[in-house]
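Student: Have a look at this one before I ask anything.
Derivation of every value follows stated rules applied to the coordinates shown; laboratory data play no part. Predicted model only: the values in this text are computed from it and were never measured. We place every Cβ from the backbone using ideal geometry, glycine too, and count neighbours over all the protein chains shown.
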Amino acid sequence: MHSPQAILDALVLDLRFEAPSEIQAVTIPRILKGKNVIAQAQTGSGKTVAFAIGMLCAVDPSQDTVQAVCLTPTRELAIQIIDDAVAYLSKRMVGIRYELLVPDEPGKPTRQRGGVCQAHIVVGTPGTVKGLISRRYLKNLKQTVKVFVCDEADTMVRFNNNYQ
């Protein structure tokens, strides 16, 4: 498990957090103990920061494997998770790598990924992640992933049920 001091420094010094929100105070201790957490709270309450802290604390940067996966229903939300949480919180952490796995923008050619993913954390949409698993860009996830986040799971379940 990675030292949370760099994350605390990022929260306090970079993001100017003063105190955890209610959802963060309840979920972060449970996440850090490795407990399964299902949480529901208003938009803007700090859920993303809570699960990003859990992902980052679980990563061992000396291992070149995917150790945390976050699935989200839209490319825009995946980008937001990377830009607004993972990137900021990991800024003071040495050796942490993350990758955004979303469909390319409409009208642009699909980017080909070669080799095997070297990121510790991946954030993406289900279809893109599934495709990269089948193309073996993402390998051995059952053996390497320590944290799995399904953000807006209710939306993904509702969306999936509409197309079955």
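Student: Please give the Cα centre distance for region 21-81 versus region 117-150, rounded to the nearest Å.
Tutor: The distance from the Cα centre of region 21-81 to that of region 117-150 comes to 15 Å.
Student: Return the single residue from R16, R97, R136 with maximal mean-square fluctuation; model: Gaussian network over the chain, springs between Cα atoms under 10 Å.
Tutor: R16
Student: List, in the order given, every pair from K47/K139; K33/K139; K91/K130; K33/K146; K91/K142 whose Cα-Cα distance in the structure shown is over 24 Å. Spell out each step's value before the answer.
Tutor: Working: K47/K139 28 Å; K33/K139 26 Å; K91/K130 28 Å; K33/K146 12 Å; K91/K142 27 Å.
Violating the 24 Å limit, Cα to Cα: K47/K139; K33/K139; K91/K130; K91/K142.
Student: Check C70: other-chain or 5+ apart residues with amide H under 5 Å from its amide H, H built from backbone geometry?
Tutor: V122, V123, G124, V149
Student: Placing unit charges on C-beta atoms (Lys and Arg positive, Asp and Glu negative, everything else neutral), compute the dipole magnitude of region 5-162 about its Cα centre in debye, rounded to 20.
Tutor: Taking the Cα centre of region 5-162 as origin, the dipole is about 660 debye.
Student: What FRET efficiency do you get for R30 and V94 if R0 is 25 Å and r is their Cβ-Cβ distance, rounded to the nearest 0.05?
Tutor: Numbers: r = 27 Å, r/R0 = 1.06.
Once the sixth-power term is evaluated, E becomes 0.40.
Student: Still on this structure, please answer the following. Normalising by the residue count of the chain, find the relative contact order in percent from Cα pairs under 8 Å and 6+ residues apart.
Tutor: Contact order relative to length: 28 percent.
Student: Which of T43, T72, T128, T144 has the fewest other C-beta atoms within 10 Å, and how do the rest follow up to the most?
Tutor: T43, T144, T128, T72
Student: 222 nm [θ] for the chain, helices only, -39500 (n - 2.57) per DSSP H run of 4+, per residue, to 500?
Tutor: -10000 deg cm²/dmol
Student: What nm distance separates the two modelled labels at T43 and K139, each placed 7 Å from Cα along Cα→Cβ?
Tutor: It is 4.1 nm.
Student: Another one. Using Cβ contacts closer than 10 Å as the measure, can you line up L132, L13, L71 from fewest to most? Each step should come with its number before you reach the end.
Tutor: On the way: L132 18, L13 11, L71 22.
Least to most surrounded, the residues fall as L13, L132, L71.
Student: Across 5 Å bins from 0, what is the distribution of all Cα-Cα pair distances for region 5-162, in whole percents?
Tutor: Whole-percent P(r) values from 0 Å outward: 1, 9, 18, 22, 22, 15, 8, 4, 1.
Student: Moving on to the next point. Report ³J(HN,Hα) in whole Hz for each residue of region 22-33, in order, from the Karplus equation J = 6.51 cos²θ - 1.76 cosθ + 1.60 where θ = phi - 60°; Gly and Pro get x.
Tutor: 4, 5, 5, 4, 7, 8, 4, x, 5, 4, 5, 8
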